[in-house]
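Q: If you scroll down you'll find the structure; I have some questions about it.
The values are calculated or read from the model by the stated rules, or taken from the named source; none is laboratory data. Since this is a predicted model, take the numbers as computed values, not measurements. So basically every Cβ, Gly included, is an ideal-geometry build from the backbone, and we count neighbours across all protein chains shown.
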Amino acid sequence: MVRVWNLETAQESITLHGHRLVVRAIAYSPNGQWIATGSNDNTVRLWDAKAGSEEWCFKGHLDAVVTVAFSLDGKLLAAGSVSGTVCIWDVEGKTIVTRLLVPGGAVRSVGFSPDGARLGTCSDDQKTWVWQVLTGRCLEVVDGRGDPGAIAAGPPVHHFRVLGGSTETLLTDSVTGACIARLAVPLWYVSAAPGGNIWAGASGEYLALVALEKSSSAGGLRKPSD
């Protein structure tokens, strides 16, 4: 069961019933129309975010689904499981676009590039794998930062991504892969604000809010002094 709360009133707005076992992952579509959930019952379910009704259930995974993510345009939905499989679906057509088998074991986090053409996966081999969505071809493998953490990409105007782990967090260029900033903060979950300059992250012990701004001299990104 999933409970959705109204942040202004602090009241429960809807309850999502359908999964038979523990829910391990949840994501809102960027337009707020859909909620996607993944569960230990091996399914991914799509819900109407206003009515709370179940719109669709996919049963293609063979093990627990522990991470789900929408593309920034809301047209694609990706889900990863502890068996190492990743499925990418067309949300409107409710059809599978690509199925991946990540060599590194259980997939702990998935995240789309700003244009939706690539998907990053973090897995138990302590690496981040970058895939071409339409073909399923692996484009890049990035060494991990300790145990598997999280991956998230900024909006199209900021071509960067955050790679979290148990030892540190990296901000890298999503096109070239170059490291832009290195933060001595281990993050397991990361998410970008719509503007792309504010990032929220969490580990097992605390929450972190990181503000980044354009560097006037180098043209890159820097962490503010405060």
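Q: Of all the residues that make up the range 9-26, how many are surrounded by 13 or more Cβ atoms within 10 Å (Cβ to Cβ), farther than 16 Å from residue 80 by Cα and of a type outside the set (Gly, Ala, Ser)?
A: The qualifying residues number 3.
Q: Let me ask something else. I'm trying to understand the selection: among the residues of the range 59-77, which are within 16 Å of residue 40 (Cα to Cα) and either surrounded by 19 or more Cβ atoms within 10 Å (Cβ to Cβ) or in contact (Cβ under 8 Å) with a residue 40 or more places away in the chain (or both)?
A: Listed by number, the residues that qualify are 61, 64, 65, 66, 67, 68.
Q: Residues in the range 51-96 that are on the phi < 0 side of the Ramachandran plot and in contact with a Phe, Trp or Tyr (Cβ under 6 Å, 6 or more places away or on another chain): how many?
A: Number satisfying all stated conditions: 4.
Q: Additional query: Determine whether residue 128 is crowded, with 21+ Cβ neighbours inside 10 Å, more than 21 Å from residue 36 (Cβ to Cβ) and modelled with pLDDT of 65 or more.
A: Spelling it out, residue 128 is indeed crowded, with 21+ Cβ neighbours inside 10 Å, more than 21 Å from residue 36 (Cβ to Cβ) and modelled with pLDDT of 65 or more.
Q: Would a scan of the range 131-148 turn up a residue that is over 25 Å from residue 34 (Cα atoms), modelled with pLDDT of 85 or more and surrounded by 17 or more Cβ atoms within 10 Å (Cβ to Cβ)?
A: Within the range 131-148 (the criterion being over 25 Å from residue 34 (Cα atoms), modelled with pLDDT of 85 or more and surrounded by 17 or more Cβ atoms within 10 Å (Cβ to Cβ)), the answer is no, since none of the residues qualifies.
Q: Given the conditions (1) more than 19 Å from the chain's Cα centre (by Cα); (2) buried (at least 17 other Cβ atoms within 10 Å of the Cβ), report the number of the one that residue 6 does not fulfil.
A: Evaluating residue 6 over (1) more than 19 Å from the chain's Cα centre (by Cα); (2) buried (at least 17 other Cβ atoms within 10 Å of the Cβ) leaves (2) as the failure.
Q: Name the residue that is modelled with the highest pLDDT, counting only residues in the range 27-53 that are assigned to a strand (DSSP E or B) and surrounded by fewer than 16 Cβ atoms within 10 Å (Cβ to Cβ).
A: It comes out as 48.
Q: Given the structure, is residue 72 in a loop (DSSP other than H, G, I, E, B), closer than 22 Å to residue 172 by Cα and hydrophobic (A, V, I, L, M, F, W, C)?
A: Taking the combined requirement at face value, the residue satisfies it.
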